[in-house]
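Inspection log for the structure reproduced underneath, given as structure tokens.
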Amino acid sequence: MITSVIDRLIIETALYRCRNNSLPESVCRYLRLNRKKMPLATPLADIRFVVFDTETTGFDVRHDKVISIGAVSLKAQRIVVGDSFEVLVRQEKVGDREAVSVHGLLCKDIAFGVDERTAVSGFLDYIGNSVLVAQHAGFDIAMVNQQLSRYFGIRLFNDVIDTASLAKRLEKGPYYNLAHKVGEYRLDALCERYSIRLHDRHTSAGDAYLTAQLYQRLLAKSRKSGIKTAGTLLMK
């Protein structure tokens, strides 16, 4: 959602380009949906959350590329498996040895993927004005924004929940930004703590589904802590 004057300027400038037919309709639909901010009083049960993950050629947001995006929606604390998104992105390389050891994708796996522009346009169509959820969300948001900036001159305007930060907030209370044990809030550690069986790890679709299960449990914990609206969930 729009959070600053700069955001509003970017979105209105992009919509002007839509009126001149210089942006794809999928991007224009996304922009129109995100012009207005979600009311802070919106009950959590009424919000569509999209839990997503990216696999990339590396971990440098300036130079590396997205090779897959996986996502699944969640509403009223239920994962909607039939409302999911997955795309392989065609790239010239799959990354260095370290990156490949994480995602396991080979060049032959992404050779028949779609181009970046098509992939990110489809992702915008899928997410609409939903609240985005990801584990250590900053990296995934930055990687998608890299594509959006390159092709359309925009970025994501959705509200975002980081499951690692939410878990810290719920477990450690108002002091959740203080230091914690190394690895304590990695996805593997959180899944173990919340009794989620690791399956299909390090694929974008698999990690999105694991994160969705984690988010389900965190939402249940949130309700017990009095977090019941968009405003109380999204407060920093």
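Summary table
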quantity	calculated
First in segment 157-175 and among the β-branched types (Val, Ile, Thr), second anywhere and open to solvent by 10 Å² or more (accessible area, probe 1.4 Å), Cβ under 7 Å, 6 or more apart	VAL160/ILE141; THR163/GLN135
Sole residue being more than 15 Å from the chain's Cα centre (by Cα) and of a type in the set (Phe, Trp, Tyr), chosen from PHE59, PHE49	PHE59
Positions within segment 122-153 being open to solvent by less than 20 Å² (accessible area, probe 1.4 Å) and assigned to a helix (DSSP H, G or I), in sequence order	PHE123, LEU124, ILE127, ALA137, ASP140, MET143, VAL144, GLN147, LEU148, PHE152
Filter result (surrounded by fewer than 18 Cβ atoms within 10 Å (Cβ to Cβ), among the hydrophobic types (A, V, I, L, M, F, W, C) and over 12 Å from VAL144 (Cβ atoms)) within segment 49-61	PHE59
Exclusive hit being modelled with pLDDT under 95 and either of a type in the set (Val, Ile, Thr) or touching a Cys at 6+ places or on another chain (Cβ under 9 Å) (or both), set VAL80, VAL94	VAL94
Filtered residues of segment 33-76 (kept if over 27 Å from ILE227 (Cα atoms) and not in a strand (DSSP E or B))	THR57, GLY58, PHE59, ASP60, VAL61, ARG62, HIS63, ASP64, LYS65
Residues (open to solvent by 70 Å² or more (accessible area, probe 1.4 Å), more than 20 Å from the chain's Cα centre (by Cα) and either touching a residue at least 40 places away in the same chain (Cβ under 8 Å) or within 25 Å of VAL81 (Cβ to Cβ) (or both)) located in segment 178-209	GLU192, ARG193, SER195, ARG197
Selection from segment 222-231 of residues that are over 14 Å from SER165 (Cα atoms) and either of a type in the set (Gly, Ala, Ser) or open to solvent by 50 Å² or more (accessible area, probe 1.4 Å) (or both)	ARG223, LYS224, SER225, GLY226, LYS228, ALA230, GLY231
All positions within segment 169-225 that are of a type in the set (Val, Ile, Thr) and modelled with pLDDT of 95 or more	ILE196, THR211
Members of segment 26-43 found to be surrounded by 14 or more Cβ atoms within 10 Å (Cβ to Cβ) and touching a residue at least 40 places away in the same chain (Cβ under 8 Å), listed by number	SER26, VAL27, ARG29, TYR30, LEU31, LEU33, ASN34, MET38, THR42
Which numbered condition PHE157 fails, given (1) in a helix (DSSP H, G or I); (2) closer than 25 Å to ARG8 by Cα; (3) of a type in the set (Phe, Trp, Tyr)	(1)
Residue identified as open to solvent by 10 Å² or more (accessible area, probe 1.4 Å) and closer than 24 Å to SER121 by Cβ among ASP64, ASP46	ASP64
Flag if ALA164 is assigned to a helix (DSSP H, G or I), of a type outside the set (Asp, Glu) and touching a Phe, Trp or Tyr at 6+ places or on another chain (Cβ under 9 Å)	yes
Selection from segment 1-14 of residues that are at pLDDT 90 or above, surrounded by fewer than 16 Cβ atoms within 10 Å (Cβ to Cβ) and either more than 13 Å from LYS36 (Cβ to Cβ) or aromatic (Phe, Trp, Tyr) (or both)	LEU9, THR13
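The values are calculated or read from the model by the stated rules, or taken from the named source; none is laboratory data. This one's a predicted model, so the numbers in the text were calculated from it and none came from an experiment. FYI the Cβ positions are ideal-geometry reconstructions off the backbone, even for glycines, and counts take in every protein chain you see. Side chains are part of the model used for accessible areas, which takes the heavy atoms of the whole protein and leaves out ligands, DNA and RNA. Shrake-Rupley method; radii C 1.70, N 1.55, O 1.52, S 1.80 Å.
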